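Novice: What follows is a single structure, and I will ask about it in a moment.
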Amino acid sequence: MNITAFTMKRRKNSHTRSSPMEKSDQFSIDKFYYQEISALTEAGGWSVDFKNKTSHFDHQARVILDVPKDYVPTLKSGYTFYAEEHLDRATEFFFGCAEGKPFSTEIKMQTYNGEIFWAIAKGKPLRDESGEIIGIRGVFRKIDEQKKREQQLEQSLKLIEAHNSRLYDFAHIISHNLRSQVSNLQMSSALMDRSTLTEDQIELVNNFEKIGNSLDVTLQHLNKIVSVHNISNTKLEPVVIKDVYDRVVAGLSQDIRASRAVMYTEFSEVEEVMYIEAYLESILQNLITNALRYKHPDRDPEITVFTYEENGKKYLMVRDNGLGIDLEKHGKDLFKLYKTFHGNKNALGLGLFLTHNEVQAMGGDITVESKVDKGSKFIVTLQ
């Protein structure tokens, strides 16, 4: 046999048969990768052999359960690693798996020393070639920190719900108490004998009447919101944006006149929107009020309110030439509760917070562009 034929024969044999050393090396590599994956995922493995009546914990399981080095798990002792209140569940899953039902669940476990923790546990039956169940194999991973965060979030949601309920109650009380005062204002304005008044006095009475009417509509909306409690169950209605704007401006007429503000509007592109009218009124009220309150001392306010449609979405824009906001400094706090940015003693830090929440409750978004001493532009995504 020549060298070439001998070499080819050895190559052929090397493809068809592995030496004991090669098999051992492959086993070591597989074991290494299993241990690495187990460590990276922080998942512990366990198994039960029904025929040989033995149990097994891999290295990561022993670490998580904090068992002694010489600890030998058994089928009977396996139940001691579940919290007492979840022991019945663990038993149910185990016997179900022994009958062929795999499981995946969140369950309370405990270490060898009794430290309780939450875990994701999974198990599946092991079968032989004939399909007979000969054991169970499973994994579990500690999720204690994740579970604690979920529970904290749940508690926070309950706290928010309780706060919201109190706010609704408060709004109902305020609405009830203001109702009689608004009625008195409307009645007084209606009964006033304008024939004996000067032109300035007549204009003042007319303003009182407009304010009374605007307050009356606002209270109606407030009552509607209080009765709903849940925005997801609130029926959206077609809202004419100009009508809402006119009502807001009527309520702010004194401030507009006092600041000598000039108002520009354009609603022809988007005249109507499916919305909760009270929310749209509140959004416009807050944005226009801010534009008046934070006017530049060296110029009269110019406030532009208009709607437009772009890429299938409807927008409302409110732009002013006021003090502007330093977004690099205050941008992250702009819509937070009780945050103010200009040192105004009358500012409470509520307007933008409420506006932001109302816009998001309607499934929209609000963005701002602003430069110090140049003015601000708020863009609200309506739909």
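Novice: Scan (1) within 30 Å of D216 (Cα to Cα); (2) over 29 Å from the mean Cα position of the chain (by Cα); (3) surrounded by 19 or more Cβ atoms within 10 Å (Cβ to Cβ) for the single condition V318 breaks and write down its number.
Specialist: Result: V318 fails condition (2) only.
Novice: List pairs: first in segment 55-80 and charged (D, E, K, R), second part of a loop (DSSP other than H, G, I, E, B) and open to solvent by 80 Å² or more (accessible area, probe 1.4 Å), Cβ under 8 Å, 6+ apart or cross-chain?
Specialist: Qualifying pairs under 8 Å: D66/Y112; D66/N113; D66/E115.
Novice: OK, next. Every residue in segment 123-150 that is of a type in the set (A, V, I, L, M) and either in contact with a helix residue (DSSP H, G or I) (Cβ under 7 Å, 6 or more places away or on another chain) or assigned to a strand (DSSP E or B) (or both), please.
Specialist: If the condition is that a residue be of a type in the set (A, V, I, L, M) and either in contact with a helix residue (DSSP H, G or I) (Cβ under 7 Å, 6 or more places away or on another chain) or assigned to a strand (DSSP E or B) (or both), then L126, I133, I134, I136, V139 are the ones that fit.
Novice: Keeping to segment 92-122, report how many residues are open to solvent by 40 Å² or more (accessible area, probe 1.4 Å) and assigned to a helix (DSSP H, G or I).
Specialist: Of the residues in segment 92-122, 3 are open to solvent by 40 Å² or more (accessible area, probe 1.4 Å) and assigned to a helix (DSSP H, G or I).
Yes/no matrix, rows are residues, columns are (1) in a helix (DSSP H, G or I); (2) basic (K, R):
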site	(1), (2)
L280	yes, no
N286	yes, no
L292	yes, no
H296	no, no
T307	no, no
V318	no, no
G322	no, no
K332	yes, yes
F335	no, no
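Novice: Quick check on this structure: which one of S183, S188 is part of a helix (DSSP H, G or I), without any contact (Cβ under 8 Å) to a residue 40 or more places away in the chain, in contact with a Gly (Cβ under 9 Å, 6 or more places away or on another chain) and open to solvent by 60 Å² or more (accessible area, probe 1.4 Å)?
Specialist: Unique residue meeting the criteria: S188.
Novice: Taking only pairs six or more apart or across chains, which ones have beta-carbon atoms under 7 Å, a first residue in segment 282-310 that is under 18 Å from R247 (Cβ atoms), and a second residue that is of a type in the set (D, E, K, R)?
Specialist: Short answer, once both residue conditions are applied: S282/E358; I283/E358; A291/D320; L292/D255; I303/D320; F306/E266; T307/E269; T307/K314.
Novice: Further question: Given the options I174, I133, I107, I116, name the one that is modelled with pLDDT under 75 and among the β-branched types (V, I, T).
Specialist: I174
Novice: A further question on this structure: Return yes when E309 is open to solvent by 30 Å² or more (accessible area, probe 1.4 Å) and modelled with pLDDT of 85 or more and no when it is not.
Specialist: yes
Novice: Say whether the condition of being closer than 26 Å to E145 by Cβ, open to solvent by less than 30 Å² (accessible area, probe 1.4 Å) and part of a strand (DSSP E or B) is met by at least one residue in segment 78-85.
Specialist: no
Novice: Related question: Output yes when any residue across segment 55-77 is open to solvent by 60 Å² or more (accessible area, probe 1.4 Å) and either in a helix (DSSP H, G or I) or at pLDDT 95 or above (or both), and no when none is.
Specialist: Yes: segment 55-77 contains one or more residues that are open to solvent by 60 Å² or more (accessible area, probe 1.4 Å) and either in a helix (DSSP H, G or I) or at pLDDT 95 or above (or both).
Novice: Given (1) more than 26 Å from D300 (Cα to Cα); (2) among the aromatic types (F, W, Y); (3) at pLDDT 80 or above, identify the lone condition not met by F378.
Specialist: Among (1) more than 26 Å from D300 (Cα to Cα); (2) among the aromatic types (F, W, Y); (3) at pLDDT 80 or above, F378 violates only (1).
The values are calculated or read from the model by the stated rules, or taken from the named source; none is laboratory data. Computed from a predicted model, the values in this text were never measured in an experiment. Virtual Cβ from ideal backbone geometry, glycine too; neighbours counted across all protein chains shown. All accessible areas refer to the heavy atoms of the entire protein, side chains included, with ligands and DNA or RNA removed. Shrake-Rupley method; radii C 1.70, N 1.55, O 1.52, S 1.80 Å.
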